[in-house]
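To start, the structure itself, in structure tokens.
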Amino acid sequence: MSDQPVALYRLGDKGNAVRTIRALLQATGDLAPSTIAASDVYDEEVADAVRAFQQRRGLIVDGVLGPHTNIALHGARWKLGDRMLSHIPGHMLQGDDVAELQERLLSLGFTPDRVDGVFGPSTEQAVRRFQGGVGLAVDGNAGPETLRAFADLTRSVSGGSPHTLREEELVRTSGHRLLGRIVVLDPGHGGDDTGTIAHGLTESEVTLDLARRIEGRLSAIGVTVLFTRSATTGPDDLLRATMANQAHADIMLSLHCDSTDQSQASGVATFFWGLERFGAWSAVGEHLANLIQREIVSRTGLADCRSHPRGWQLLQRTQMPTVRIEAGYLSHPEDAARLADPAFLDTLAEAIVIALQRMYLGEDDTNATGVLSLGDLRAYNAKHRASTE
Ligand SMILES: [Zn+2]
């Protein structure tokens, strides 16, 4: 979130960035849902919607999407509980959910420096002090158990009804087997290495965009998500594998788009570690690659280029099941057109998250609630009640 493009967009501009701006303005309710599907023009309607958004946010009202408005607009889609919040140096999370977290910390006497919607070191310190005070594991991450503690404390402090957190419902209904897992997302390329550029799309940007959409969904169900790179860095594959190993990740997903000079080639393929020649392969990696392949093909209709074993360095050097996804061909006009559509990237992200959930469905879930220190929280609340009565 911290490295959204800082370019300026204004009346008359056109392109994929404008398409995204329109979608975000529709999500905030400032722009009416378009009758023209996925327009990419910054027209009068968009300028008016930007003005309305700026007015509400106390920003300079000029109808131009500069850096400040851009950050506020990208942050506006997040509500507290949508994702795991933590301090990530070099990739600081920003959004309305962070501001809400800061307000709650403030109201309970755990003061971050300021309520600015940026999860920096001082917010992390405040979260740590809060966790220590409540008796939760002190890790500085505002995950499901910390948010639940907020809800309970808000109730006992103010006497009002508890704030219902969307993530609680999500965890209960579908995600609990993924709760507490660590998934490393590896957006392909980055830095000076753009990957393929074709049909107005840049592979390194598409993979990062897709990774962020996966991140939002996984965080909402209590998965810790780590990135191998930011918008400006491009580590080599060995370093990416080392990062995942050091994070003790449960799963690593490497995101790419394919390309070739044969213009007919299209579709999605997945790869897992394996050397056919030696009959050696990662069985879990193959299983996950198959699940991802199946979900993407059935949900998107992309051509099925199947799952394959490969001896690539990233797959070989990682100590956890790793799957590389080549989601569509940027060299293929129809694949590229679909990848340019944010709604299509959402569908892709959805398919990948569902595949991960499916992988864990068969497992016993004795550890599913292991990260929730509910006993500690109950003890705190009992003590709190006793001291106020
Ligand atoms: Zn690539």
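The values are calculated or read from the model by the stated rules, or taken from the named source; none is laboratory data. All of these numbers come straight from a predicted model, not from anything done at the bench. Here the Cβ is made from the backbone with ideal geometry for all residues, glycine too, and neighbour counts use every protein chain on show. The protein model used for the area step is the full one, side chains on, heavy atoms only, and it has no ligands, DNA or RNA in it. Shrake-Rupley method; radii C 1.70, N 1.55, O 1.52, S 1.80 Å.
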- Matching entry among Ser266, Ser331, Ser307 (being in a loop (DSSP other than H, G, I, E, B), in contact with a helix residue (DSSP H, G or I) (Cβ under 6 Å, 6 or more places away or on another chain) and open to solvent by less than 50 Å² (accessible area, probe 1.4 Å)): Ser266
- Give the residue, chosen from Thr224, Thr233, Thr207, that is β-branched (Val, Ile, Thr) and surrounded by fewer than 16 Cβ atoms within 10 Å (Cβ to Cβ). Thr233
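Give the stretch 311-328 a look and list any residue that's at pLDDT below 95 and either within 15 Å of the ligand (Cβ to nearest atom) or in a strand (DSSP E or B) (or both), or say none.
Of the residues in the stretch 311-328, the ones at pLDDT below 95 are 311-322.
If the condition is that a residue be at pLDDT below 95 and either within 15 Å of the ligand (Cβ to nearest atom) or in a strand (DSSP E or B) (or both), then Trp312, Gln313, Leu314, Leu315, Thr322 are the ones that fit.
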- Item | Given (1) in a strand (DSSP E or B); (2) more than 16 Å from the ligand (Cβ to nearest atom), number of the condition Phe271 does not satisfy | (2)
- Query: What's the number of the condition Ser230 fails, among (1) away from the ligand (no atom under 16 Å from the Cβ); (2) touching a Cys at 6+ places or on another chain (Cβ under 7 Å)?
  - Reply: (2)
- Message: Scan the stretch 247-255 and tell me whether some residue there is in a helix (DSSP H, G or I), away from the ligand (no atom under 16 Å from the Cβ) and of a type in the set (Val, Ile, Thr).
- Response: no
- Among the numbered conditions (1) polar (S, T, N, Q); (2) under 25 Å from Leu345 (Cβ atoms); (3) free of Cβ contacts under 8 Å to residues at least 60 places away in the same chain, tell me where Ser263 comes up short. (3)
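Can you report the number of residues in the stretch 184-198 which are surrounded by 24 or more Cβ atoms within 10 Å (Cβ to Cβ) and either within 11 Å of the ligand (Cβ to nearest atom) or among the basic types (Lys, Arg) (or both)?
Selection size over the stretch 184-198: 4.
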- Only one of Gly274, Gly234, Gly188, Gly285 that is over 19 Å from Gln316 (Cβ atoms) and among the small types (Gly, Ala, Ser): Gly234
- Please go through the stretch 100-123 and pick out each residue that is at pLDDT 85 or above, crowded, with 19+ Cβ neighbours inside 10 Å and assigned to a helix (DSSP H, G or I). Leu101, Thr123
- Query: Restricting the search to the stretch 199-221, which residues are farther than 20 Å from Ile292 by Cα and more than 16 Å from the ligand (Cβ to nearest atom)?
  - Reply: Gly200
